[in-house]
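Chemist: Here it is: the structure, laid out below.
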Amino acid sequence: MKIVVGGQVDKQKIAKKIKEIAGDQVEVEIMDDIKAANTIKQGKADYYFGACHTGGGGALGMAMAILSSTKCATISMPAKPPKEEKIVEELEAGKVAFGFTSDHLEKAVTLLLKNILN
Amino acid sequence: MQLILMALIGGMAAILANKGIAVFNDSLRPVIPEYVENRMSRKELAATSFAMSFGLVVGFGIPFSLSANIILIHSILLGTDIIGTWAPDNNKGAAGAGVVGALYGVGLTYGLEAIVNLFEVLPVNFLEDLGAVGSPIVVAFAAFPALAVAYQFGIKKGGFTLILTGIVRQIAVVVSPLMINGLEISINPEGMALIAGMTTLLIFAAGEKGEESNVGDLVSIFSKRVERIKSNLPYLAVMGGLVSAATAYLILAGDPISLNLVSEGAINEAALAALARAVGFVPLIATTAIATGVYGPVGMTFIFAAALFIQNPLIAAIVGAVIISIEILLLGKVATLLDKFPGIKKAGDNIRTSMSKVLEVALLVGGMNAANAIIPGFGFFFVAGLYILNEIGDQPIVRMAVGPTAAIMVGIIANIFALFSLV
C-alpha cells in the first residue's frame, strides 16, 4: 500500500508519524499537493494525507479540485478534533484523500492508519 | 470613519461570500464549486462553512483582537463567510447578507470596545499586563525564515541561517542609529534580521531543482474558473481597497505577528512581517483560487504589507485595489512562475509551517508572562496547566491561541479572586 503526503503544512511530520506507526507495511512519499492528488487519480497510490491550519484549504484543496469531493474528507477542523466513527464512515464511503489540521496531526494520522490497516 | 469602514468591509465581504465570489477561509474555498456545480446543497454548504469557521472566530480571531485591541482580520471575515453562505442564493439573500455583514462589522468593533471598556473598570485592571502576550513574538518572529530553511534544506542550513540572522540582528543593534551625511537613520534589528533570513531562504529556494510543481497544468484544466475570478475583478478590487484602508488606520491586522507589532508601534516591522508572510501565502491562495474559481477577500495578503508601509488610508485604499487587480490579472503568470521555481512553492508551505511554530512558542511564553504579571505565581501555574489540558482534550482552543486566551482568563480570574480577597 502506498500513502502520499500532500497538503501544505507539516508534511515531514506526517510522513514521520506514518512510518512510526506503520513501519514497512506502507510506502510513504512526500509530494507537492498537486502531484500527490494526480498520483492518486492515476491509481499509483492508495491514500492521500494532508494538513494545513484549517483542515481543508491547503490540506485538501488540490485533492478536492482534482479528485472531486466524493473522494475527499476533512476529518478535523480547528477546535474539532478527529473522531474515529467519522473516519470509519468516510473510509466506508470510499474516501481516499484526508485533510486535517496540523494541531490534530498525531491523532488524525494514528486513527486513519489504525482503520486503514485493519 | 473607522466604523463606516468596518461596516463596508463586513457588508461587502458577506455579499462576496454569498455570491461565491470570494471566501476568506481557505478550507471553504474548495467547497464552493461543489455547491456552484450542484454537487452540494445550500444547506450543506451553510453547515460546512459554520463548522469550518466558527471555532476559528471564537478560538483564534477574538482572543488576538482582545489581547491587543486591534481587530484580527479572521474575526470579521470568517464571520462574513458564515453570514454569506447562510443567506439564500438570490438577490434578496445577497442584500440580506450585506446588511447582516455590515451590522456584524459594526457590532464586532463596538463589542470589542465594550469588552475592553469593561476590563478597564474592573477592580483588577489587567489590560496593561495583557500587552505582555505580544512581547516575545515581536522579536522572535524574525527566526521563522531560518526555520523554513531548516524544514526545506535540513538542519545544517537552517542552523547556519539562524546564526546568520542572529548576527545581522546584533550588528543592527550596535550600528543603529546610522549617521549618513548628518542624517540619522535608525535601523531596526528585527527588520534587518527578517530581511537577511528571507533573502537566504529565497536564494536557497530559487536554486532548488526538482520536479515541476504542475501549477501551470491547473491553469489549463481550470481555465474557466480562472476566467470566473477575472470577471469578478472590480468587486474584489473594492474589497481589497476597503481592507487596505482599515489596515492603514491601524484598526485591523492581517495576522497575529503584525497585529502585535502594530500594537507596540513598530509599524515598519509589521509591514515587513506582513510582506514575508504574504510570500508564504502566494502558493496557497494562487493554487486554491485557480482550482476553485473563488478568490479570497484579501487576496494573497500583500495588501496588508502595502497598507502598513503607506499608512495613509486613502492612498492605501487605491493601492490595495490596484494590488488585488494585479494579483488577479497575473494569476496565470504566478502559476508559471511557481512551476519554474518549484522550490519557491515549497518554501511557501514551509514558511507557513515555521511561522505557526514560532507563534505557538512565542505566544505561549508571552501568555505565561502576561498571566504571571496579572497574578504572580498563579499565572505560570494556570497557563501551563491550561496548555496541557488543551492538548489532552485534543485542542478545543487552537494551539497558537492558548497563550492569549489563558492570559485573558487569568485576568478574569484575578477579578473573581479579588471578590473573595484571594489575591
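Read the figures in this text as sums done on the coordinates, not as results from a lab. None of these values were measured; they are calculated from a predicted model. Positions of Cβ are backbone-derived with ideal geometry, glycine not excepted, and every protein chain shown enters the neighbour counts.
Chemist: Let me know the shape class of segment A:2-117, please: from the alpha-carbon gyration tensor, a ≥ b ≥ c as square roots of the eigenvalues, rounded when a/c is under 1.5, otherwise prolate if a/b is greater than b/c, or oblate. All intermediate terms of the calculation are to be shown ahead of the outcome.
Modeler: Values: a/c = 1.17, a/b = 1.05, b/c = 1.12.
It is rounded, given that a/c, with a ≥ b ≥ c, falls under 1.5.
Chemist: Relative contact order for chain A: what is it in percent, counting Cα pairs under 8 Å that are at least 6 residues apart?
Modeler: On the way: 243 pairs, mean separation 34.2, N = 118.
Relative contact order here is 29 percent.
Chemist: Given +1 on the Cβ of Lys and Arg, -1 on the Cβ of Asp and Glu, and no further charges, what dipole in debye does segment A:2-117 carry about its Cα centre, rounded to the nearest 20?
Modeler: On the way: 16 positive and 15 negative charges, 27 e Å.
Dipole magnitude for segment A:2-117 comes out near 120 debye.
Chemist: Whole angstrom only: what separates the Cα centroid of segment B:1-55 from the Cα centroid of segment A:35-86?
Modeler: Their Cα centres are 20 Å away from one another.
Chemist: Under 8 Å for C-alpha pairs, at least 6 residues apart: give me the relative contact order for segment B:143-197, rounded to a whole percent.
Modeler: Numbers: 65 pairs, mean separation 20.3, N = 55.
Relative contact order, segment B:143-197: 37 percent.
Chemist: Moving on to the next point. Zone of residue B:178 (label point 7 Å along Cα→Cβ, backbone N under 19 Å): which residues in segment B:250-272?
Modeler: B:267-272
Chemist: How many percent of Cα pairs in the protein assembly as shown exceed 36 Å?
Modeler: Details: 43836 of 146070 pairs.
In whole percent, the long-distance tail amounts to 30.
Chemist: Turning to a different aspect of this structure: Pairs of Cα atoms under 8 Å, at least six residues apart: use those to get the relative contact order of chain B, whole percent. Can you show the working numbers first?
Modeler: Numbers: 778 pairs, mean separation 92.7, N = 423.
Result for chain B is 22 percent.
Chemist: Still on this structure: Calculate the length of the line joining the C-alpha centroid of segment B:95-128 to that of segment B:202-245, in whole Å.
Modeler: Rounded to whole Å, the Cα centres lie 35 Å apart.
Chemist: Take residue B:264 and residue A:89, extend 7 Å from each Cα along the Cα→Cβ direction, and tell me the distance between the two endpoints in nm.
Modeler: Inter-label distance under the simple model: 4.5 nm.
Chemist: Note down the magnitude of the dipole of chain B about its Cα centre, charges +1 on Lys and Arg C-beta and -1 on Asp and Glu C-beta and zero elsewhere, to the nearest 20 debye. Write out the running numbers ahead of the final one.
Modeler: Working: 22 positive and 26 negative charges, 180 e Å.
Charge dipole of chain B: 860 debye, to the nearest 20.
Chemist: Hey, another quick one. Extension gain residue B:37-residue B:217, at 0.36 nm per residue separation less the Cα-Cα distance, in nm? All intermediate terms of the calculation are to be shown ahead of the outcome.
Modeler: Working: separation 180, 0.36 × 180 = 64.80 nm, distance 2.12 nm.
Taking residue B:37 through residue B:217 to full extension adds about 62.7 nm, to one decimal.
Chemist: Which residue, B:285, B:229, B:326, has the most motion in a Gaussian network model of chain B that connects Cα atoms within less than 10 Å?
Modeler: B:326
Chemist: Let me ask something else about it. Find how much the distance from residue B:412 to residue B:163 grows on full extension, using 0.36 nm per residue of separation minus their present alpha carbon separation; answer in nm with one decimal. Present the calculation step by step, with values, prior to reporting the outcome.
Modeler: Working: separation 249, 0.36 × 249 = 89.64 nm, distance 4.05 nm.
Fully extending the segment from residue B:412 to residue B:163 adds 85.6 nm.
Chemist: Between segment B:252-269 and segment B:330-395, what is the C-alpha centre distance in whole Å?
Modeler: One Cα centre to the other: 16 Å.
Chemist: Right, next: Would you mind computing, in nm to one decimal, how far apart the modelled labels at residue A:41 and residue B:329 are, each placed 7 Å from Cα along Cα→Cβ?
Modeler: It is 3.0 nm.
Chemist: Share of antiparallel DSSP beta bridges in the protein assembly as shown, in percent to the nearest 5?
Modeler: Working: 4 of 22 bridges.
In the protein assembly as shown, approximately 20 percent of DSSP beta bridges are antiparallel ones.
Chemist: Another question, if that's okay. Subtract the Cα-Cα distance of residue B:47 and residue B:420 from 0.36 nm times their separation in residues, and report this length gain in nm to one decimal. Write out the running numbers ahead of the final one.
Modeler: Working: separation 373, 0.36 × 373 = 134.28 nm, distance 4.32 nm.
So the extension gain works out to 130.0 nm.
Chemist: Answer with one residue from B:413, B:388, A:68: the one whose Cα lies farthest towards the positive end of the charge dipole of the protein assembly as shown, charges on Cβ with Lys, Arg +1 and Asp, Glu -1.
Modeler: Of the options given, the answer is A:68.
Chemist: What distance in nm separates the two pseudo spin-label positions at residue B:389 and residue B:227, each 7 Å out from Cα along the beta-carbon direction?
Modeler: 5.6
Chemist: Another question about this same structure. Among B:347, B:58, A:79, which residue has its Cα furthest toward the positive end of the charge dipole of the protein assembly as shown, with +1 on Lys/Arg Cβ and -1 on Asp/Glu Cβ?
Modeler: Final value for the positive-end residue is B:347.
Chemist: Once R0 is set to 35 Å, what does the formula 1/(1 + (r/R0)^6) return for the Cβ-Cβ distance between residue B:120 and residue B:186, expressed as a FRET efficiency to the nearest 0.05? Kindly include the intermediate steps, with their values, before the conclusion.
Modeler: On the way: r = 33 Å, r/R0 = 0.94.
Taking R0 as 35 Å, the efficiency between residue B:120 and residue B:186 is 0.60.
Chemist: Please give the charge dipole size of the protein assembly as shown, origin at the Cα centre, charges +1 on K and R Cβ atoms and -1 on D and E Cβ atoms. Round to the nearest 20 debye. The partial results should precede the final answer.
Modeler: Values: 38 positive and 41 negative charges, 211 e Å.
The calculation lands at about 1020 debye.
Chemist: Right, another one. Does chain B come out rounded, prolate or oblate, given a ≥ b ≥ c as the square roots of the eigenvalues of its C-alpha gyration tensor, rounded meaning a/c under 1.5 and, failing that, prolate meaning a/b above b/c? Provide the component values of the computation, followed by the final result.
Modeler: Values: a/c = 1.58, a/b = 1.11, b/c = 1.41.
Oblate shape, in that a/c is at least 1.5 and b/c is the bigger or equal ratio.
Chemist: Can you bin segment B:232-316 into rounded, prolate or oblate? Criterion: square roots of the alpha carbon gyration tensor eigenvalues sorted a ≥ b ≥ c, rounded for a/c under 1.5, prolate for a/b above b/c, oblate for the rest.
Modeler: Values: a/c = 2.68, a/b = 1.48, b/c = 1.82.
It comes out oblate by the Cα gyration axes.
Chemist: Report the antiparallel proportion of the DSSP beta bridges in segment A:2-117 as a percent, rounded to a multiple of 5.
Modeler: On the way: 1 of 16 bridges.
Restricted to segment A:2-117, the bridges split so that about 5 percent are antiparallel.
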